[in-house]
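Asker: Got a structure for you, written out below as structure tokens; questions coming shortly.
Just so it is clear, none of the values below were taken in a lab; they were calculated from the coordinates. Just so we're clear, the structure is a prediction, and the values are computed from it rather than from any experiment. FYI the Cβ positions are ideal-geometry reconstructions off the backbone, even for glycines, and counts take in every protein chain you see.
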2 protein chains.
Amino acid sequence: MNLSRRQILGLGAGLLADGQVFADQDRNSPVSQSGQRAESVMEMPFERQDPVRFGIIGMGKRGSLMLDLLLAVPRARVTAVCDIVPEKTSQARDRIVKAGQPAPAIFARGDEDFHNLVRRDDLDFVYIATPWDWHVPMALASMTAGKHSGVEVPAATTIEDCWKLVNTSERTRRHCMIMENCCYGANELLVLNMVRAGIFGELIYGEAAYLHDLRAELFSDEGAGLWRRFPHMKRDGNLYPTHGLGPVANYMGINRGDRFVYLVSMSSMQKGLEAYRAAHIPRDSAKWKEKYVCGDVNTSLIKTAGGRTILLQHNVANARPYSRLNMVQGVKGLFLDYPPRIYIEGDQTEEEFTDLTRYRDQYMHPLWREHGEAARQAGGHGGMDYLMLWRLVQCIREGLPPDMDVYDAASWSVPGPLSEASVGSGSGPARFPDFTRGRWNHRKGTAI
Amino acid sequence: MNLSRRQILGLGAGLLADGQVFADQDRNSPVSQSGQRAESVMEMPFERQDPVRFGIIGMGKRGSLMLDLLLAVPRARVTAVCDIVPEKTSQARDRIVKAGQPAPAIFARGDEDFHNLVRRDDLDFVYIATPWDWHVPMALASMTAGKHSGVEVPAATTIEDCWKLVNTSERTRRHCMIMENCCYGANELLVLNMVRAGIFGELIYGEAAYLHDLRAELFSDEGAGLWRRFPHMKRDGNLYPTHGLGPVANYMGINRGDRFVYLVSMSSMQKGLEAYRAAHIPRDSAKWKEKYVCGDVNTSLIKTAGGRTILLQHNVANARPYSRLNMVQGVKGLFLDYPPRIYIEGDQTEEEFTDLTRYRDQYMHPLWREHGEAARQAGGHGGMDYLMLWRLVQCIREGLPPDMDVYDAASWSVPGPLSEASVGSGSGPARFPDFTRGRWNHRKGTAI
């Protein structure tokens, strides 16, 4: 590792202590890669469209669910679908027709056929639900072809690709949203609304995680098993940061008055995937040639410009029940999820947690209050998926800015590569690029 | 900050990645401060004594409780007590006499009268229950006077003082225990016993904390309010690491086959004490001249030589219910406390936590099985305090080594100053001294 004096002294990072050493390269740059300064897309509204016409790239498990939910959202149309497996696009067409919409255009001629989808002129928004490595090229192609895009999570897996999304969004004046469904969860939006009402006092600390025993899925011979195990052979860090981090970023107003400044990250040893393979995979399987390098438990600590801290964790390799942690501590109290519980100074007589009963009615987020019943009926992780899509359609129909823009996409995704850099340097601090180019403090308030 | 090339390259830390930068000075040294190599006291047994004669320094809230519990432990005698407040020693004498023991020697003539206590020849063990800054001078005096000693937590607050305890224990051949009561908690010893039985599989990760809303106590004009607020004006880090860390260290066999190698630490902003003062302290109080520098939430990540990781947290300044986290994740399952719940692969049909019912009987620790009823009757944090003392008396009566020795005292306490060093350097890695001088891998098994 080649530490320049500039890095060692942390020059240009006035908020940090002297002696700060960054494991990442400083890639902050006020100009886009083309060398031309482009205007920010922060708060740039969508052009009004009604109905809203969607193309979907990726008709696997996630894309299929999104299709079904979009077909349930009023004024949403699905005019084009793409997948490398022709049967999946045929099934999608059948479901679209059955829902009473015209048969969509189909793109199923190999890896690059998505380029033909994004060039169509009957599309307002391209929804990208493909394996991680395809998110960026597909989003770039969509924006370059003049289409707004939304990518599944994480939006990107390298710092360079995060910048490409930002630069391309600014150059093309097209949005690149991060489709972070967990931001629309009932508990997450309730807590966001309570934060907005000042219930917790000033926020000090939060916890965000993806703790999900994926061992069986990772070793499957279909679905995510076809690709999602491979990053565990190449990367040691947090592979999937946004489900937990997006909601906590919204609580704290990240890119809306505060921003992530640096993180440190530490991985445990790798044991879980090897142990699962030993117990479940026949010895003649090619999987026995694989070597897993991603530590089972990756833990990162993030510092914000406002002095807040966030615990960010990833574990998909050990036996445990699901959790995103989803915790926020303010001066006056805290909320913890899994199970949801809360303590607010003065509200309880005992120094003990209580459930959400007394808060749920009063602080229910308007999206859940007005569309919760439809969301629960439509389904998709308890309704959050439907609400995310309903809200996206609303923003486009009414000409609003998206709830989560390309700066959020980059900021929430970049802990992936930053955690790798930190782990690789023995937990040294890794600095977040300021994707907003200094505008993180211009916009205030909460995202949704 | 002056980073030498040796520090930047992390020479001598073979387990760490190249490029590791340490925020601490490398104070590892194979020789004691006197320049002479002393033998390890690891596994050194106590000389058998029966009855066991105690002197207690510090008759405040903690020392008074310890006195009452010692008077309930069979074969324990309290022959001397010391405090700077004469009334407290008189009250102690009355309780000792009331319990049927001879009147103790009393030392109440100022700050330095403890030197006269430790010089007595009717003492086997000096129990030190004083404010943090007095732990080390009193333990050093006790050992130098030929007495085994036990200190309340943390044992020391600087790296240098941790080494002084180790060096003095080795030179004098007297033990310096850390009286970490939480190691004897019912849940902690249950989990320790389950770890020993392999229920969790190989351990990967743990969580340890002291999350305790102490605001009222810190601002009180008596008790801990007389001294415990002041470190918040001088130190930014984890002021109180051992209640959570001791039990987790025992689960992981720290200094018994594994050891702490380095940590990184991050503090949030300070808000809690200022907000409490604003709400509760009259504006003419001298407390308004104080400036608090300790971040409300301090979070550290510890890496062990075996590749395990530990989250270590401290928050005494925000509104929240009490927790020590007390979590351990193995390949096959995990335990979390507050409330206690567990998930072991194969034991449950649903991927959900269950309570401890099915495990408590089978894996109850022998100490609780045999003495739990007496412990609960005697009291002291649910019985853990009594059990700690009962077990200490047992070790001395039977000529066993102490459960927790000076290496544990130093290893569990040093995250205090190491977290300060890391926070001060912008979360750079800070290396643990190897207080065992390479013997951490010689002893195996669990502590208690």
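Asker: Could you run the Karplus curve 6.51 cos²θ - 1.76 cosθ + 1.60 with θ = phi - 60° over the range B:281-292 and give me ³J(HN,Hα) per residue in whole Hz, x for Gly and Pro?
Answerer: 10, x, 5, 8, 6, 5, 5, 6, 7, 7, 10, 8
Asker: At 4 °C and 1.567 mPa s, grab the translational diffusion coefficient of the range A:97-192 from Stokes-Einstein with a Kirkwood Rh over Cα pairs, rounded to a whole number in µm² per second.
Answerer: 89 µm²/s
Asker: Would you calculate, for the protein assembly as shown, the mean residue ellipticity at 222 nm contributed by helices, counting each DSSP H stretch of 4 or more residues as -39,500 (n - 2.57) and dividing by all residues, to the nearest 500?
Answerer: About -9500 deg cm²/dmol.
Asker: Which whole-number percentage describes the relative contact order of chain A, with Cα contacts under 8 Å and a sequence gap of 6 or more?
Answerer: 23 percent
Asker: Please report the spacing between the Cα centers of the range A:397-416 and the range B:235-249 in Å, no decimals.
Answerer: A separation of 38 Å, based on Cα centres.
Asker: Which links in B:234/B:287; A:444/B:287; A:444/B:289; B:61/B:287 stretch past 26 Å when you go from one Cα to the other?
Answerer: Table pairs above 26 Å Cα-Cα are A:444/B:287; A:444/B:289.
Asker: If you wrap a convex hull around the alpha carbons of the protein assembly as shown, what volume per residue comes out, as a whole number of Å³?
Answerer: It is 171 Å³ per residue.
Asker: For the pair residue B:290 and residue A:279, what calculated FRET efficiency results from E = 1/(1 + (r/R0)^6), where r is the Cβ-Cβ distance and R0 = 56 Å, to the nearest 0.05?
Answerer: Taking R0 as 56 Å, the efficiency between residue A:279 and residue B:290 is 0.45.
Asker: Then there is this: Report the local net charge at residue B:442: Lys and Arg +1, Asp and Glu -1, summed over other residues whose C-beta lies under 10 Å from its C-beta.
Answerer: +3
Asker: How high is the relative contact order of the range A:266-312? Use alpha-carbon pairs under 8 Å, at least six apart in sequence, and give a whole percent.
Answerer: Taking the mean separation of contacting Cα pairs over the length of the range A:266-312, I get 43 percent.
Asker: Taking neighbour counts of Cβ atoms within 10 Å as a proxy for exposure, in what order, fewest first, do A:285, B:142 appear?
Answerer: Lowest to highest Cβ neighbour count: A:285, B:142.
Asker: To continue, here is another question. Once the label point is placed 7 Å from Cα along Cβ, list for residue A:349 the distances to the corresponding points in the other copies, in nm, shortest first.
Answerer: Residue A:349 label point versus its equivalents elsewhere: 4.1 nm.
Asker: Taking Cα centroids, how far is the range B:283-330 from the range B:41-61 in Å?
Answerer: So the two Cα centres are separated by 31 Å.
Asker: Using square roots of five times the C-alpha gyration tensor eigenvalues, list the equivalent-ellipsoid semi-axes of chain A in whole Å, biggest first.
Answerer: Computed over chain A, the values are 31, 27, 25 Å.
Asker: Taking each residue of B:198-205 in turn, how many C-beta atoms of other protein chains fall within 10 Å of its C-beta, and what is the average?
Answerer: That average works out to 5.
Asker: Oh, and also: Can you list the aspartates and glutamates whose alpha carbon is less than 16 Å from that of residue B:332, not counting same-chain residues fewer than 8 positions off?
Answerer: Partners within reach: A:213, A:274, A:296, B:202, B:345, B:347, B:350, B:351, B:352.
Asker: Given springs between every Cα pair under 10 Å in a Gaussian network model of chain A, which of A:192, A:226, A:367 has the largest fluctuation?
Answerer: A:226
Asker: Under 11 Å from the Cβ of residue A:66, count the other residues' Cβ atoms, weight Lys and Arg +1, Asp and Glu -1, and hand me the total.
Answerer: Net charge in that neighbourhood comes out at -1.
Asker: Here's something else I'd like to know. Hey, how many Å between the Cα centroid of the range B:93-117 and the Cα centroid of the range A:91-144?
Answerer: Here the answer is 83 Å between Cα centres.
Asker: Another question about this same structure. Once the label point is placed 7 Å from Cα along Cβ, list for residue A:234 the distances to the corresponding points in the other copies, in nm, shortest first.
Answerer: 5.2
Asker: Another question, if that's okay. Averaged over B:316-324, how many beta carbons belonging to a partner chain fall within 10 Å of each residue's beta carbon?
Answerer: Taking the mean over all residues of the peptide, I get 6.
Asker: Suppose we keep just the alpha-carbon trace of the range B:191-315; what are its Rg and Dmax in angstrom?
Answerer: Using the Cα atoms of the range B:191-315, the pair Rg, Dmax is 17.9, 59 Å.
Asker: Right, here's the next one. Over the range A:59-141, calculate the relative contact order: mean separation of alpha carbon pairs under 8 Å at least 6 apart, over the residue count, as a percent.
Answerer: Reported as a whole number, the value is 29 percent.
Asker: Rounded if a/c is under 1.5, else prolate if a/b beats b/c, else oblate: with a ≥ b ≥ c from the C-alpha gyration tensor eigenvalues square-rooted, which is the range B:324-448?
Answerer: Judged from the Cα gyration tensor, the range B:324-448 comes out oblate (a/c at least 1.5, b/c at or above a/b).
Asker: Taking the beta-carbon count within 10 Å as an exposure proxy, list A:347, B:213, B:284 from fewest neighbours to most.
Answerer: Arranged by neighbour count, lowest to highest, A:347, B:213, B:284 become B:284, A:347, B:213.
Asker: Of the candidates B:116, B:315, B:326, which one comes out as most mobile in a Gaussian network treatment of chain B with C-alpha springs shorter than 10 Å?
Answerer: With Cα springs under 10 Å in chain B, the top fluctuation among B:116, B:315, B:326 is at B:116.
Asker: Over all directions, the average projected area of the alpha-carbon convex hull for the range B:344-390 comes to how many nm²?
Answerer: Mean shadow area of the hull around the Cα atoms is 4.1 nm².
Asker: Quick one: order B:123, A:392, A:356, A:263 by neighbouring beta-carbon count within 10 Å, fewest to most.
Answerer: Ordered by Cβ neighbours within 10 Å, fewest first: A:356, B:123, A:392, A:263.
Asker: How long are the three semi-axes of the equivalent ellipsoid for the range B:282-394, computed from the Cα gyration tensor as the root of 5 times each eigenvalue, in whole Å, largest first?
Answerer: That gives 34, 24, 16 Å for the three semi-axes.
Asker: Tell me the distances, shortest first, between residue B:281 and the same position across the other copies, using label points 7 Å along Cα→Cβ, in nm to one decimal.
Answerer: 5.9
Asker: With springs only between Cα atoms under 10 Å apart, run a GNM on chain A and tell me which of A:321, A:241, A:415 wobbles the most.
Answerer: Greatest mean-square fluctuation among the candidates belongs to A:321.
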